[in-house]
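The values are calculated or read from the model by the stated rules, or taken from the named source; none is laboratory data. Bear in mind that the values here come from a model prediction, so they are computed numbers and not experimental data. Using ideal geometry, Cβ is built from the backbone for each residue, glycine included, and neighbour counts are taken over all protein chains shown. These area figures cover heavy atoms from the full protein model, side chains too; ligands, DNA and RNA do not enter into them. Shrake-Rupley method; radii C 1.70, N 1.55, O 1.52, S 1.80 Å.
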Amino acid sequence: MFVVLLVCLVVMRLSWGFQKGVITTGAVVLSLFGLTLAWRGLSARFGLRRCYLYTRGLVVTSTFGRVRHAVAWSEVTELKWMSNLTLLLAFHRFEIERRGAGRVAFLVLGWKPRLVEALQTQAGANGVR
């Protein structure tokens, strides 16, 4: 949509109000893209919001890098997985059902992250369906 608006701006030489709208939209899109890249870099550098996969379980950290959930594979009864792969956003959502405790849900961003395959392999090896 943004590219179409820019083409209209250049080719058709439309009114100033339309030009201000295109410039505002462009600034918003570029700033959101920049903030997304900055957050991705900072969170990867400082280990924020991560899922660490171990042989006997997994650990999910919070926004500030503290342990939010620690789950042993012996507690897990079911692993639910949903994917959303579109042009604008790609993520995988996992829900882990546990015995005697609440469910753990987390997102994995990206088209084909390594964590998805590793998590499914580890769950299958521990008898989780």
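Okay, residues lined up against (1) out of contact with any strand residue (DSSP E or B) (no Cβ under 9 Å at 6 or more places or on another chain); (2) among the hydrophobic types (A, V, I, L, M, F, W, C):
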site	(1), (2)
Gly17	yes, no
Leu37	yes, yes
Phe46	yes, yes
Phe64	yes, yes
His69	no, no
Ser74	no, no
Ala90	no, yes
Leu107	no, yes
Val116	no, yes
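Beta carbons closer than 8 Å, at least 6 apart along the sequence or on distinct chains, pair a first residue in the stretch 22-47 that is open to solvent by 90 Å² or more (accessible area, probe 1.4 Å) with a second that is not in a helix (DSSP H, G or I) for Phe46/Gly65. Given the structure, is Leu107 open to solvent by 50 Å² or more (accessible area, probe 1.4 Å) and under 25 Å from Thr36 (Cβ atoms)? Against the criterion (open to solvent by 50 Å² or more (accessible area, probe 1.4 Å) and under 25 Å from Thr36 (Cβ atoms)), Leu107 qualifies. The set of residues in the stretch 86-104 being within 28 Å of Leu32 (Cα to Cα), open to solvent by 60 Å² or more (accessible area, probe 1.4 Å) and at pLDDT 90 or above consists of Arg93 alone.
Residues in the stretch 29-57 that are among the hydroxyl-bearing types (Ser, Thr, Tyr), within 30 Å of Val76 (Cβ to Cβ) and not in a strand (DSSP E or B): Ser43, Thr55.
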